[in-house]
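Notes to accompany the following structure.
The values are calculated or read from the model by the stated rules, or taken from the named source; none is laboratory data. Everything numeric in this text was worked out from a predicted model, so none of it was measured. Don't worry about glycine lacking a Cβ; one is built from the backbone with ideal geometry, like all the others, and counts go over all protein chains shown. Side chains included, ligands, DNA and RNA excluded: accessible areas come from the protein's heavy atoms. Shrake-Rupley method; radii C 1.70, N 1.55, O 1.52, S 1.80 Å.
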Amino acid sequence: MRIYDREGAPNPARVRIVLAAKGLEDQVEFVSVDLIAAEQKQPGFFEMNPIGKIPVLELADGTIISESTAITEYLDNLDGNPILTGRTSREKALIHMMQRRAEVMLIEAVDDYFHYATPGLGAALRPWRMPDWSGAKEWGQRRGAYAVANMSYFNDLLAKQSFLAGDGFSMPDITLFASLIFAEIVGLPIAPELTALHTWRGKVADLPAVKNRSGQTPLPEDLARLGGAT
């Protein structure tokens, strides 16, 4: 298997946690995609994923699977023993419900904030984010505020139960964890009073699959270029 991603990016982190949880990292060849240079928006990449985003999974037979949720489903069910995407109909339904909430209420909103209300990944990617749209910055700021407001929902839920879909760590927890990392990096930290969310984040950070995953740190060259763009 081959995975196209970039070290330190939030959505690739979701898949790398899955790989670590399933013990599959040694079966994967990672191909690093230069996001700052907008490599994911070039014709060659569009042939794999017309949305122009990472991560992308390429199987040995040439099958292409994009979207973190779809990749997680594939990897988790490879051995017939799913641990992240549910076994029963009820588990699957709750996991996918919470997965979508984590995406809509947090990670997608943080992504909009990053790309519209801040310099984002720099000049090469700007044409793909409609910089000529007069309302872009205000939209980004609204999306950031939306993400911050929604953290209270997850805090209240996690004050009553161990993980998003119940008692076990699953796919939406991975998404929420990556969302909070992303939010903190772009200047949208968890409010101090959201104690359950802070506690949950610390607990998840200590899980072996999360703590030991690869690709946690951005490449030095990326940090240097982003630093020069701000």
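Here are some notes:
- For the range 126-230, the Rg and Dmax computed from alpha carbons only, in angstrom: 16.3, 46
- Taking 32 Å as the limit for the C-alpha separation, the pairs LYS41/LYS160; LYS160/LYS211; LYS92/LYS137; LYS92/LYS211 exceed it in the case of LYS41/LYS160; LYS92/LYS137.
- Environment charge at PHE30 (Cβ cut-off 14 Å; Lys +1, Arg +1, Asp -1, Glu -1): -3
- Summary of packing: across the peptides 103-113, 78-88, 16-26, 62-72, the per-residue average of other C-beta atoms within 10 Å ranks them, highest first, as 103-113, 16-26, 62-72, 78-88.
- Beta bridges per DSSP, both residues in the chain: antiparallel share near 65 percent.
- Three-way shape call for the range 153-206 based on the alpha-carbon gyration tensor, with the a/c threshold at 1.5: oblate
- Pair GLU193, MET130: separation of 7 Å Cα→Cβ label points (nm): 3.5 nm
- Those GluC sites (Glu not before Pro) in the range 129-218 that DSSP places in a loop and that have at most 11 other beta carbons within 10 Å: GLU193
- Part-to-part distance (alpha-carbon centres) for the range 179-207 and the range 99-116, which is given in Å: 15 Å
- Estimated FRET transfer efficiency (MET97, LYS41; beta-carbon r; R0 22 Å; 0.05): 0.10
- Helix-only arithmetic for the chain: the sum of -39500 (n - 2.57) across DSSP H runs with n ≥ 4, divided by the residue total, places the mean residue ellipticity at 222 nm at -14500 deg cm²/dmol.
- By the rule of a C-alpha distance below 12 Å, with chain neighbours fewer than 8 residues away ignored, the aspartates and glutamates paired with LYS22 are GLU73, ASP76, ASP79.
- Across the range 28-166, the fraction of Cα-Cα pairs farther apart than 22 Å, rounded to a whole number, is 54%.
- Simple spin-label estimate for LEU226 and THR63 gives 3.3 nm between the two label positions (7 Å along the Cα-to-Cβ direction from each Cα).
- Cα shape, the range 1-89, gyration tensor, a/c 1.5 rule: prolate
- Prolate/oblate/rounded call for the range 189-230, Cα gyration tensor, a/c under 1.5 rounded: oblate
- Excluding ligands, DNA and RNA, the accessible surface per residue across the chain is 48 Å² with a 1.4 Å probe.
- Share of carbon and sulfur in the accessible heavy-atom surface of the chain [1.4 Å probe, %]: 55 percent
- Distance from the Cα centroid of the range 56-74 to that of the range 24-55 is 12 Å (rounded to whole angstrom).
- Accessible-area value, HIS96, 1.4 Å probe, nucleic acids and ligands omitted, Å²: 70 Å²
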